[in-house]
Amino acid sequence: MFPVDFINGLHETLGSERAERVLAALSGEPEVSVRVNPFKLSAEALQEHFGSLSGESVAWAPEEGFYLKGRPSFTLDPLLHAGAYYVQEASSMYVGRLFDRAVAALERMSGLRVLDLCAAPGGKTTQLLSHLDASSLLVANEVVPQRATVLAENVARWGCPNAVVTSSDPSAFTPLRGFFDVAVVDAPCSGEGMFRKDERAVAEWSPDTVRLCAARQRRILGDVWLALAPGSYLIYSTCTFNRQEDEENAAWICAELGGELLEQRHFWPGEDRGEGFYAALIRKDGAYAAGTPVAPAGLTILEKGSLVKAFPAAFVRDLARLEKSLKVIASGTAVATRKGRDLVPEPDLAMALGSVHDALAGLLPGFAFESVEISREEALKFLSRDPLFFPDAPRGFFLLTYQGQGLGFVKNLGNRTNSLLPPGRRIRQQIAIQDVI
Ligand code: SAM
């Protein structure tokens, strides 16, 4: 049962007929939807992968998102681990559309600095990376350290080198005055859009929670506002339905911080296929200065201790500036660790885009690997860190691919292989024999 105050609030906002329709939908089954990584796979190929489970495209993200007619065991799909797609709630994919609108309005496709402030586990971050030109930079931040680790993993899976993952409180962004061209604040909220999926969200809801969340959102928005350039864009979103956290906060931004509301949209379960969402596009007052033109997209090698990374050359100075204010936990693509005179490949390199591997051929000549295509059964063994043998494969490090997608590295010692998959990324689920056939 839903809280009475929640039901009354819905009736007030929507009128009785629509409110009852939304409430009926909230008691039904949640939708399942996925979003393809366009750098790794086409949407058609991913639909083929899901076969008869594949359903319709998401109306507001038709090139990248589609529904599934059931919930497969995603954990046991090596393509998910390889970053070929992301399981994302459909209505929240609207952020991609608002982001495209913001970029078009800036009349500047390249060299953008984009912030995703409340980013874990990485649904919006990976979508923003898909929509971002390779010559732009995305800073994905998550204040909760354990969640930031998951975010960094999901960013690595997406394979793009033009991302920095940070784990800072929003207040740490205030010294970065005017730094960002677009910021997404997908704020922590009272989670009414989680009611169909998560009983705890219902149990934790109260009018007081709504008030506390709305106040916290204003604090977060006030902090990030200073880091936005004049004339830049904010996408503010929540997965909740009430006006205090949604429309009233958008109005507060415009009135108190100085912005113009260009669009706001609610997604309602029962009316739009998804769990429900709110998103607003706001332009910060002031004249936008296109900034200094950046050099064409190109990677450079950065070394931090023994870690060798590939990072966009045009943003090296920006990275130093970010490191002064923020806790940076990952930047660019982790390529290798120096061990004496050897370079040991980093796990994230396995999932890096082809463009990163191409660039490394010039930047680190001689640092190259053969790859071995493996079956689903072998891929699941690799992901479980179970022993694998490749008697005919080359000695030393090589890359394992599944359906052509890089999954991870192993070191072949002849009679056995050592896995380079970090223990923390191991699948912990028991795999039944029918799962691998
Ligand atoms: N954008 C994410 C995605 O698409 O996968 C979902 C973000 S979730 C709605 C909100 C996030 O805000 C959570 O990861 C939460 O840990 C974080 N958060 C919680 N308190 C916060 C605070 N005071 N400031 C900033 N972020 C906070």
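See the values below:
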read-out: Potential extension, T300-S171 segment - 0.36 nm per residue separation minus Cα distance; value: 43.4 nm
read-out: Residue order, fewest to most surrounding Cβ atoms within 10 angstrom, among K304, K411, K124; value: K304, K411, K124
read-out: Cα-based helix-to-principal-axis angle, 316-325 vs the chain, degrees rounded to 10; value: 60
read-out: Separation of alpha-carbon centers, the range 27-82 and the range 390-430, rounded to whole Å; value: 26
read-out: Area projected by the alpha carbon convex hull of the chain, averaged over all directions, nm²; value: 21.6
read-out: Most fluctuating residue given options G406, G305, G122, as computed from a GNM of the chain linking Cα atoms under 10 Å; value: G305
read-out: With Cα atoms, 0 to 90° folded angle of helix 354-363 axis to the chain main axis; value: 50
read-out: Among 151-161, 260-270, the order from most to least packed when residues are scored by Cβ within 10 Å on average; value: 151-161, 260-270
read-out: Residue-averaged 222 nm ellipticity for the chain, from DSSP H runs of 4+ at -39500 (n - 2.57), nearest 500; value: -9000 deg cm²/dmol
read-out: Full-stretch length increase - L226, K339 - with 0.36 nm per residue and alpha-carbon distance subtracted; value: 36.4 nm
read-out: Euclidean distance of C-alpha centroids, the range 320-387 and the range 121-151, integer Å; value: 18
read-out: Residue of F173, F369, F277 that the Gaussian network model of the chain assigns the largest fluctuation, springs spanning Cα pairs under 10 Å; value: F369
read-out: Positive-end extreme of charge dipole, the range 297-421 - chosen from I374, F397, V316 (charges on Cβ); value: V316
read-out: For the chain, built as a Gaussian network whose Cα springs stay under 10 Å, the top-fluctuating residue of V144, V95, V58; value: V144
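A short reminder: the numbers here are calculations on the coordinates, not readings from a lab. Keep in mind it's a predicted model, so treat the numbers as computed, not measured. Neighbour counts are summed over all protein chains in view; Cβ atoms, including those assigned to glycine, are modelled from backbone coordinates with ideal geometry.
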